[in-house]
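Coordinate-derived values only; no laboratory data. Every value quoted in this text rests on a predicted model; they were computed, and no experiment measured them. Cβ coordinates were reconstructed from backbone atoms using ideal geometry, including for glycine residues, and neighbour counts include every protein chain displayed.
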Amino acid sequence: MKAGIHPAYEPVNVVCACGSTFQTRSTHKGDLRVEICASCHPFFTGRQKLIDTEGRVDRFQKKFAKAREIQAQKKAATDAKASRKVQ
Ligand SMILES: [Zn+2]
């Protein structure tokens, strides 16, 4: 190898959200944090499961609940208007 033109290719630790870790080599500096790996991906485990890494599904459902609440409020307001017109 020619000196001075290659990036440092050091061993790095890969840390998955499922808790498993393994070592590899990379030009990346510091540890790698991944959300899915071979020991937790359904393709490799062979079982179907909801992949909820770091509470993303939970966060999405919270966001969605808020939108539903707003819709319900709007509907209540229009219903109230409609009932007033009838009288
Ligand atoms: Zn994993």
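Out of the residues in the range 25-46 that are away from the ligand (no atom under 12 Å from the Cβ) and charged (D, E, K, R), state the one that is nearest to Val15 (Cα to Cα).
Asp31
How many residues does the range 1-22 hold that are assigned to a strand (DSSP E or B) and surrounded by 10 or more Cβ atoms within 10 Å (Cβ to Cβ)?
The qualifying residues number 8.
Starting from the range 14-25, keep only residues that are more than 11 Å from Ser39 (Cβ to Cβ), then list their pairs with residues that are part of a strand (DSSP E or B) and of a type in the set (D, E, K, R) whose Cβ atoms are within a distance under 7 Å, requiring at least 6 positions of separation or different chains.
Pairs that qualify, where the first residue is more than 11 Å from Ser39 (Cβ to Cβ) and the partner is part of a strand (DSSP E or B) and of a type in the set (D, E, K, R), are Val15/Arg33; Arg25/Glu10.
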